[in-house]
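Shown next, in structure tokens, is the structure this report addresses.
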Ligand SMILES: [Zn+2]
């Protein structure tokens, strides 16, 4: 027979609240996805994101703090564009290619205003991708991240 769980003391209010909004940047969410969700170590995750391990650690610490606040205060988490991660788009009407930061949705072509555009990087950092457990492992191809320096 399974043993009964021992009670634990908590000092937080666990009733659901109607909260506001906590903003998480795309690079913070990506760090959490790689390290906490996919279980990749910080050295490899930093390499995937094109940042140093101390920088990844800093991003991750801030992300976890914000997620904690969001849970405690019942906030919705809003993903905003990070400074470091860009997506690459192509216009299929005029062939124009450009980088676009996260959080802007699918853009129209800045050159000819066509909406016949598509993302041409691998989407490794795609926000909200429904990838499986092993997704993103083992393949170094087509990294979509670009640092914006
Ligand atoms: Zn175009």
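The values are calculated or read from the model by the stated rules, or taken from the named source; none is laboratory data. This structure is a prediction, so every number in the text was calculated from the model and none was measured. Glycine gets a Cβ as well: all are built from the backbone with ideal geometry, and neighbour counts include every protein chain shown.
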- For the stretch 100-122, name all the residues that are surrounded by 15 or more Cβ atoms within 10 Å (Cβ to Cβ) and modelled with pLDDT under 85. 100, 101, 102, 103, 121, 122
- Quick one: would you say residue 127 is away from the ligand (no atom under 11 Å from the Cβ), modelled with pLDDT of 85 or more and either over 26 Å from residue 47 (Cα atoms) or surrounded by 13 or more Cβ atoms within 10 Å (Cβ to Cβ) (or both)? no
- Message: Checking residue 19 against (1) surrounded by 13 or more Cβ atoms within 10 Å (Cβ to Cβ); (2) modelled with pLDDT of 85 or more, only one condition comes out false. Which one?
- Response: (2)
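Considering only the stretch 33-53, state which residues are closer than 23 Å to residue 76 by Cβ and either out of contact with any helix residue (DSSP H, G or I) (no Cβ under 7 Å at 6 or more places or on another chain) or modelled with pLDDT of 95 or more (or both). Give the derivation first.
Of the residues in the stretch 33-53, the ones closer than 23 Å to residue 76 by Cβ are 33-37.
Matches in the stretch 33-53: 33, 35, 36, 37.
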- Selection over the stretch 60-99 where residues are in contact with a helix residue (DSSP H, G or I) (Cβ under 6 Å, 6 or more places away or on another chain), modelled with pLDDT under 95 and farther than 17 Å from residue 119 by Cα yields a count of 4
